[in-house]
Amino acid sequence: MSGGRTVGLAALLALAALVPFVVGSFHLLQATMVIVYAIALLGLNILTGYNGQISLGHGAFYAIGAYVTAVLLDRTGVPYWATIPIAGTVCLLAGFLFGLPALRLEGLYLALSTFALAVATPQLLKFRALESWTGGGQGLFVPTFQAPFGLPLAWDQWLYLIALAIAAVLFLLAWNLLRGSIGLAIVAIRDHPVAAASMGIDVARTKALTFGVSAMYTGIAGSLGALVAQFVAPDSFSFLLSLSFLVGSVIGGVASISGAVFGAIFIQFVPDLADQVSKALTGAVYGLLLIGMMALMPGGAVGFLQAVRRRWPRVRVDQ
Amino acid sequence: MDAFLHQFLSGLATGGIYATFGLALVMIFQATHYINFAQGEQAMFSAYIALILIQAGLPYWAAFATALVFAFVSGVAIERLVVRPFNDAPVLSVVVVFLGMLFIINSLAGWLFTYGVQAFPSPFPPGLGNRFLSGHEIGTILVTLATLAAVYLFFRHTRLGLAMRAAAENPEASRLVGIRVGWTLALGWGLAGAIGAVAAIMAAPVIYIEPNMMAGILLYGFAAALLGGINNPWGAVAGGFIVGVIENLAGAYVIGTELKLSVALVIIVVVLVARPAGLFGTSIVGRV
């Protein structure tokens, strides 16, 4: 990262940290959800964009993360902040375990298996045998909490700042992971598995681990999402959530880190926007927007920005 | 034993719907290597056309035929107008375009025909049934078989069918011998649309008609196509029947209807892990 970019990103982060003090609580909630979705999409980007494994089921990991947090808060005395890493760890394991058999499946077969996971998730959450834990179809309430150390912050301001801090750390980690030798291995497997294997990359282990890391990101997002929504219920985690993750990922730019932010903004605001354009034809407006976006920028927002930059190279010399 | 036979045969009837729908998905896949996620919504819309014509007083089979023509024409139009411009786009972008189409057609149907659940007539008299199967189930199986036979005859014994197979197999060589590959592609979309519409019209009397009616069938048809081997149409058909029977038996004996979908999917995924190219598919071996 060049010095200029570091300063720019730090300034952006500082600006983002000011948001809770200038916007009202409704917009703050939306901004928090953008951060949450950005973390989830980053997880999907690592898997689908960098490693080439298509997942139509990341909503399932988001749901697992959300339910781990909700059940822990409901059943045990674990403090809310400790549930976030626990949710991440559980999803890391779940993703790794799901990734092992998924190793044998490629392309569409993997897409079907992950899609099956997405479809099965709400049914499993409603399953009667688990009802005493998950609250069945009714779901669970997630209690709110106070900012610590007597900080003069409302809970939503505090939650936003937590989410922002976690996102900053996770984005930095992803950037670091992907530019190193592991990142090269992840990309090499996407581009040419046979060549990657012959270079000595352990394809199976790397793919399963990538699946785990990806699920961990999305699970942490789910945990934060549950804290934001103060409520979890099976029907919030239908397969539509997984599809909207995929849409966000592609719209943002699937093989990129910053694309996750653009995608998160899209899936947070565009469905509401479509609803405002036409109450009766919300879906049609949304669909048209999707197709239009893909026609204008087939490589997603990041691909579009790169194309623009190539067309009009900056005059200023980076130094 | 009777109960088991009943569940098994009625699984074959729903399996016929999945088989037909899976065949529609495979047809587009073979020519383009995409799964058309909007296939179910196209089929649902055509079923609504049939319903409206029936309500307007048209005889059932005339409405059926008109709906198929509509499905064919709209399939061709979608290929020419929506899908073709994305020929060179990345795979995932095309998936998003299909999802966009799914939302558009779904929303249009809800707007034009309302989201309410409506009954859909069956042309088969209940008297056709016996103690194992209802009249409609027997009719569904017959229609499925007729559709499969028609598809088989078309691809095996007509010049156009041959040209379409050639275009899917090797587009460049086909172009050199004078086949208009672009149009055969559009034709394939049209035929897939019509075949999908058959599945929706046969399913509608059982699951009722509403804009979201095809979600389950799309998933099962997708599963059927993959289970049988996505590059093998007859595999997709066999896969459809297998999925239908698994679904019904799992629902009746293993776990109850509550988790029927999940169990069926788990079984399918397990089979796929054991045989990653599907039961009847061949894995594609590429040169490195």
(message) Among the numbered criteria (1) in contact with a helix residue (DSSP H, G or I) (Cβ under 6 Å, 6 or more places away or on another chain); (2) within 12 Å of chain B (Cβ to nearest Cβ); (3) of a type outside the set (Val, Ile, Thr), which one does A:Ala221 miss?
(response) (2)
(message) Name the single residue that is surrounded by the most Cβ atoms within 10 Å (Cβ to Cβ) among those in region A:113-146 being free of Cβ contacts under 8 Å to residues at least 60 places away in the same chain and of a type in the set (D, E, K, R).
(response) A:Glu131
(request) Filter the helices (runs of 4 or more DSSP H) completely within region A:1-119 down to those with at least 3 residues that are under 22 Å from A:Val213 (Cα atoms). (result) A:25-44, A:58-75, A:80-102
(request) Please determine, by comparing only the residues of region A:101-114 that are closer than 28 Å to A:Asp235 by Cβ and more than 7 Å from chain B (Cβ to nearest Cβ), which one is modelled with the highest pLDDT. (result) A:Thr114
(message) Among the residues of region B:196-224, what is the count of those that are under 8 Å from the mean Cα position of the chain (by Cα) and not in a helix (DSSP H, G or I)?
(response) 0
(message) I'm trying to understand the selection: among the residues of region A:257-301, which are facing chain B (nearest Cβ under 8 Å) and polar (S, T, N, Q)?
(response) A:Thr282
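The values are calculated or read from the model by the stated rules, or taken from the named source; none is laboratory data. These figures come from a predicted structure and were not determined experimentally. So basically every Cβ, Gly included, is an ideal-geometry build from the backbone, and we count neighbours across all protein chains shown.
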